[in-house]
1. Could you check residue 323 against (1) within 26 Å of residue 422 (Cβ to Cβ); (2) in contact (Cβ under 8 Å) with a residue 40 or more places away in the chain and say which number it fails?
2. Could you check how many residues of segment 108-122 are closer than 17 Å to residue 54 by Cβ and open to solvent by less than 40 Å² (accessible area, probe 1.4 Å)?
3. For segment 405-448, how many residues meet the condition of being in contact (Cβ under 8 Å) with a residue 12 or more places away in the chain and among the aromatic types (Phe, Trp, Tyr)?
4. Check off (1) out of contact with any Cys (no Cβ under 6 Å at 6 or more places or on another chain); (2) open to solvent by less than 20 Å² (accessible area, probe 1.4 Å) for residue 422 and give me the number that stays unchecked.
5. Which condition breaks for residue 189 when tested against (1) open to solvent by 70 Å² or more (accessible area, probe 1.4 Å); (2) in contact (Cβ under 8 Å) with a residue 24 or more places away in the chain?
6. Kindly establish whether residue 309 is modelled with pLDDT under 85, among the acidic types (Asp, Glu) and open to solvent by less than 30 Å² (accessible area, probe 1.4 Å).
Amino acid sequence: FFFDFLPKMQHWGQGAAKSFQTPAAPQIQPISSLSPFIGRWWIKARVIDKSPKRTWNNARGQGQLFSMTLVDENKDAIRATIFQEGVDKYYDMLQNEKVYIFSKGTVKNANKKFSTLANDYELSMDQNTEITEAPDDNTIVRQKFTFVPIASLANKEKNSNVDLCAVVAEVGEISTINTKAGDSLKKRVIQLVDASEAQVELTLWQDTAEKFDGHSLPTNTIVAAKNCRISDWSGISLSLGSQGSLTVDPDVEQKQVLEKWLASHGGQPTVSTQLTTKGGGGGPGFDERKTFSSLRDEGLGVRDDGKPDYLSVRATVTHIRQENMWYTACPDCNKKVMQVTDGSGLYRCDKCEKNTDASFRYILSLTANDHSGSQWLTAFQDVAEPLMGIDAKSLAQEQEKDPNFTSNLCRNLCFQQYVIRIRAREEVVLDEKRMKCSVMRLGKIDFRKENELLLKEIARYGVAA
């Protein structure tokens, strides 16, 4: 009897196993059907507006995250945020404009403070989320842009967001700033120009700033910038925040318009209007050249509101002071630290309230001359290290081996011409007013560009070149 019944048992068992197996092909559902009340789900969506990675460190702990917008074939969108180990797993994999299948995430009520999408829900994901790239059959719409001419930014409201399609005219070096909260932020300033013949400064932050390396970009690279925030800092400037995105060589019609404009100008972008006049925070507003005598003659750096002035000077570095060229700093906050006396070799950071290893950071004093005079300048880490061509710790080590190493290096670096971006502000030290000039950027002279600028200056006086 048992052996007669066995085949039936095996048949029932096989049927039961099949009923619990995950389907070979996921059952894709629309984003509009997602809610906190459904179980397992799969969506197929295009990634747009991927944000840089962000970190936090507070009383509750520390962690990391990044966000993105997902759009499906019905043009419905939902905001998704990936946390903690999921960032390490998926940040590099997920790319703007590519299509993926997503599953295993938490659907929750949307926080409208961080999302402007017309969706009551958002997705929270981590390392357990399943994401696989899917073939792009073009059934899902691509990111929509509402491009405006750069010249029209003068008529836009401060803090409003705009989309631009433009040619990259200049890429600044990456730098680091410290916030009041003690966080370090990476930034890079680029110059954009379009067919309206206007140029504006755009600041990139964090991962976007690090990855946008001008040395690897071809000449006249075209980019599409989404959600750039307008600022009145230094005239008109833009900032690409966490809700923005930057696409190189975008697949948009405006790109063809720019390519035709470039071709009609011999491949050289023409600029008749510079919207960013001073280049706040070390970026270029770089086309106007001043002289050191301008500090005195125009009263630069002496303002009732205490804010600094910025100027670009074509000058020759004539001297680099070799005393106190660097300081020992906390690797977390970059504040000066002092070595503890317990023989551990560690340093004490009063700001972070801990003992730590120290990093070496430059703080150079140098003089530069132009035809109008000379000026003492201070160059900090982000400018000084590229100038010196060696990090501060290695310089200290080489100096111990060879007492003449630093003097020989400084001698070789002097009497070379640079375009120097300076922040000037008058400060009071021991009841004495002093002009403090900090180098925000220093670059070797591009003689072709300098000649073009001189010709423009000549043309202002109505003199034929």
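1. (2)
2. Going through segment 108-122, the residues closer than 17 Å to residue 54 by Cβ turn out to be 111, 113-115, 122.
This time we only want the ones that are open to solvent by less than 40 Å² (accessible area, probe 1.4 Å), so: 115, 122.
Looking only at that region, the number is 2.
3. 2
4. Failed condition: (1).
5. (1)
6. On the way: modelled with pLDDT under 85: yes; among the acidic types (Asp, Glu): yes; open to solvent by less than 30 Å² (accessible area, probe 1.4 Å): yes.
Taking the combined requirement at face value, the residue satisfies it.
Rundown of residues vs (1) buried (at least 17 other Cβ atoms within 10 Å of the Cβ); (2) acidic (Asp, Glu); (3) over 23 Å from residue 185 (Cα atoms); (4) out of contact with any Asp or Glu (no Cβ under 7 Å at 6 or more places or on another chain), yes/no style:
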| residue | (1), (2), (3), (4) |
| --- | --- |
| 339 | no, no, yes, yes |
| 353 | no, yes, no, yes |
| 376 | no, no, yes, yes |
| 380 | yes, no, no, yes |
| 395 | yes, no, yes, yes |
| 399 | no, no, yes, yes |
| 415 | no, no, yes, yes |
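Listed here are the residues, each with its yes/no results for (1) under 21 Å from residue 249 (Cα atoms); (2) modelled with pLDDT of 90 or more.
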{"residue": "159", "(1), (2)": "no, no"}
{"residue": "163", "(1), (2)": "yes, yes"}
{"residue": "169", "(1), (2)": "yes, no"}
{"residue": "181", "(1), (2)": "no, no"}
{"residue": "212", "(1), (2)": "yes, no"}
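The values are calculated or read from the model by the stated rules, or taken from the named source; none is laboratory data. Just so it is clear, the structure is predicted and the values come from calculations on it, not from any experiment. Note that each Cβ is placed from the backbone with ideal geometry, even for glycine, and that neighbours are counted across all protein chains shown. Protein only, heavy atoms only, side chains kept; ligands, DNA and RNA dropped before computing areas. Shrake-Rupley method; radii C 1.70, N 1.55, O 1.52, S 1.80 Å.
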